[in-house]
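Before any comments, here is the structure.
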Amino acid sequence: MVVSSSALEGTIRDVLVGLAVVVPAAFICGRIAQRLRQPAVLGEIAAGLMLGPSLLGLFPGNPTAVLFPDEARPFLQLLAQLGLVLFMFGVGYHLDVAHLRGRGRQVLSVSLSSVALPFALGTGLAVVFASWGLTGQEGTGLLGPALFLGAAMSITAFPVLARILSDHGLARERIGTMALACAALQDLLAWGILAVVVVVVNATGPWPLARMALLSALFVLGMLYVVRPGLRWLLAPERRWNRDSTLVHGVVFSGLLLSAWATDVMGLHTVFGAFVFGAVVPRRQIDACAPEVPARIEQSSLLLLPVFFTVTGLSVDFQGLGGQGLVMLLAVLVVACAGKFVGAAAAARLTGATPRLSITLGVLLNARGLTELVLLNVGLGLGVIDGRLFTVMVAMAVITTMMTGPLLQRLWPAPRSRTVGRGGEHGGAGDAAASAEDAGVTQ
């Protein structure tokens, strides 16, 4: 399709105006969320939802359509995908497997249980939704939507959870490291399941399915045994060319974009390539020669993620849920919360954790946040969920994340020495006595 230069200039102006609204709205709502003792990203997500048809589009003249006309949306989608790729690089880069050491049996038990139970409940719920004709587009079958809904129920937002624990002064405590270890392993499992879903949905027969699986395995092996050693050599501090961090920045940035491109060509989503590249980048070499490079990439993602939230919000319409949609939302919330809580708490208790720690883990691992939105957008793009189920799942992600902080404060009040944020977060009178019970992860 050929676009005239005048039409392109008009579209560019629309994109610029849209960005001028999106970024400040995300900043303001993020600050409001922090004042309410919620993660800033929750406010940014709310801003994206409010700019869509669920709120702004209800005003006379449909301001949503004026701010984000159809011609500008592909460009916004491009910026959103770039922000998503940069964000997933950061998730992979900060994935620290050291959290998994020393607590192998307990972490493995809690992680597998809090993935398996919500996954099973999610696939069962997909069967129910299929009878209503609400799992996905016609012709997708049931296997893809069932696997996807199971994966969506199993996810835990590792970055958001880390921020919640940091805000409560628990990131370096045993409860914090235990929760982060479980979240890290769960996310690896959930992204693996999602990769299987993408392969199953995109493959048109046994040979294409086997081909995509083989290419995916070769990609991961190549990243581990070719790209990672190559980056270690290239980014070694003694190399003369590493004296300028600009070159390091260029290598890392180009590498993550090429990795995202490679997984997209294979039939997977771009987020997989960016995540794997972030996980294999040698952090020791980066920290030695150019520690500011990952921070620069993450700052770029923070500027572009509000666009991703807005693009997500344009596909969410709470007004269109209706009575059946509200029933779906209630069912999804019950399955999501019960699956995660029971799976994590029961496994933790059976492996020797105290009752208080077990309950707290069940609450913490319910946080889904931004990671869930990434997964949901992949599912919407694949057609394994429809617009109504997408709206329901977005609402579930926001509600479960919003619940985590207040529930954690009640279960594990922060001592005065850990008071953080404006207004502070103070511990309860019985916290000192309770800490004796929960000094360790196991009894």
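What percent of all Cα-Cα pairs in segment 5-74 falls into each 5 Å bin, going from 0 up to the bin containing the maximum distance?
Final binned percentages: 4, 17, 21, 20, 17, 11, 6, 2, 1, 0.
Is the C-alpha gyration tensor of segment 270-394 telling us rounded, prolate or oblate? Criteria: a/c under 1.5 is rounded; beyond that, a/b larger than b/c is prolate, otherwise oblate.
Working: a/c = 2.66, a/b = 1.16, b/c = 2.28.
It is oblate, given that a/c is not under 1.5 and a/b is not larger than b/c.
Just need the relative contact order of the chain here, percent rounded to a whole number, with Cα pairs under 8 Å and 6+ apart.
Working: 660 pairs, mean separation 117.5, N = 443.
That works out to 27 percent.
Report the gain in length on full extension from Arg13 to Phe27: 0.36 nm times residue separation, minus Cα-Cα distance, nm rounded to one decimal. Walk me through the numbers before you get to the answer.
Working: separation 14, 0.36 × 14 = 5.04 nm, distance 2.18 nm.
Once the chain is fully extended between Arg13 and Phe27, it gains 2.9 nm.
Round to the nearest 0.05 the FRET efficiency obtained for Ser131 and Asp264 when R0 = 41 Å and r is the Cβ-Cβ distance. Write down the numbers at each step before the final one.
Details: r = 34 Å, r/R0 = 0.83.
Calculated transfer efficiency: 0.75.
Mind ranking 180-188, 292-300 by how tightly packed they are, going by the mean number of other C-beta atoms within 10 angstrom, highest first?
Numbers: 180-188: 24.7, 292-300: 16.2.
Most protected by this proxy first, the peptides run 180-188, 292-300.
In debye, nearest 20: dipole of the chain around its Cα centre with unit charges on the Cβ of K, R (+) and D, E (-)? Can you show the working numbers first?
Details: 29 positive and 23 negative charges, 250 e Å.
The dipole of the chain has a size of about 1200 debye.
Based on the Cβ-Cβ distance from Leu108 to Glu298, what FRET efficiency comes out when R0 is 25 Å, to the nearest 0.05? Working shown, then result.
On the way: r = 30 Å, r/R0 = 1.18.
With a Förster radius of 25 Å, E is 0.25.
Anything in the chain that counts as a DSSP H helix reaching 18 Å or more along its axis (C-alpha) with Kyte-Doolittle mean of at least 0.5? List them, would you? Kindly include the intermediate steps, with their values, before the conclusion.
On the way: long enough: 5-35 (45 Å, 1.00); 73-93 (30 Å, 1.32); 104-131 (41 Å, 1.33); 174-202 (42 Å, 1.76); 206-222 (24 Å, 1.38); 245-265 (30 Å, 1.25); 292-314 (34 Å, 0.95); 322-350 (41 Å, 1.64); 369-382 (20 Å, 1.59); 387-411 (36 Å, 1.14).
The qualifying helices are 5-35, 73-93, 104-131, 174-202, 206-222, 245-265, 292-314, 322-350, 369-382, 387-411.
Based on DSSP H runs of at least 4 residues, each adding -39500 (n - 2.57), what is the mean residue ellipticity at 222 nm of the chain after dividing by all its residues, to the nearest 500 deg cm²/dmol? Kindly include the intermediate steps, with their values, before the conclusion.
Numbers: 19 runs with 318 residues, N = 443.
It lands at -24000 deg cm²/dmol.
Name the residues of segment 279-300 whose amide N is less than 17 Å from a point 7 angstrom out from the Cα of Leu234 along the C-beta direction?
279-291, 293-294, 297
Considering the options Pro237, Gly61, Val196, tell which one lies farthest towards the positive end of the dipole of the chain, charges being +1 on Lys and Arg and -1 on Asp and Glu at the Cβ, about the Cα centre.
Comparing the listed Cα positions along the dipole, Pro237 ranks first.
Go through 19-31, 223-235 and give me the packing order, highest mean Cβ count within 10 Å leading.
Numbers: 19-31: 18.2, 223-235: 15.0.
Averaged packing, sorted descending, gives the order 19-31, 223-235.
Once both labels are modelled 7 Å past Cα along the beta-carbon direction, what's the Arg243-Ala20 spacing in nm?
A separation of 4.5 nm, rounded to one decimal place.
Once you sort the root eigenvalues of the Cα gyration tensor of segment 159-289 as a ≥ b ≥ c, which label holds: rounded (a/c under 1.5), prolate (a/b larger than b/c) or oblate (the other case)? Mind showing how you got there, number by number?
Working: a/c = 2.53, a/b = 1.14, b/c = 2.23.
Oblate is the answer for segment 159-289, as a/c is 1.5 or above yet b/c matches or exceeds a/b.
Per-residue counts of other Cβ atoms within 10 Å, averaged by peptide: what ranking do you get for 64-77, 36-49, highest first? Please list the in-between numbers first.
Numbers: 64-77: 16.5, 36-49: 23.4.
Per-residue Cβ counts within 10 Å, averaged per peptide and sorted highest first, yield 36-49, 64-77.
With r defined as the distance between the Cβ atoms of Leu55 and Gln324 and R0 fixed at 25 Å, what FRET efficiency is calculated, to the nearest 0.05? Numbers along the way, then the final one.
On the way: r = 22 Å, r/R0 = 0.87.
FRET efficiency, Leu55 to Gln324: 0.70.
Taking the alpha-carbon centroid of each part, what is the distance from segment 276-292 to segment 313-379 in angstrom?
33 Å
Quick check: Cα centre of segment 180-232 to Cα centre of segment 37-65, how many Å?
34 Å
Let me check I've understood the local charge: for Asp14, count other residues with C-beta under 15 angstrom from its C-beta, Lys and Arg +1, Asp and Glu -1. What total comes out?
Numbers: positive: Arg13, Arg73; negative: Glu9, Asp70, Glu71.
Cβ neighbours under 15 Å give a net charge of -1.
Regarding the chain, what's the average projected area of the Cα-atom convex hull, expressed in nm²?
Numbers: hull surface 95.6 nm².
Computed as one quarter of the Cα hull surface, the answer is 23.9 nm².
Read-outs: derived from the displayed coordinates by stated rules, not from any lab. Keep in mind that what you see is a predicted model, and the values were worked out from it rather than measured. Neighbour counts run over all protein chains shown; Cβ positions are idealised from the backbone, glycine included.
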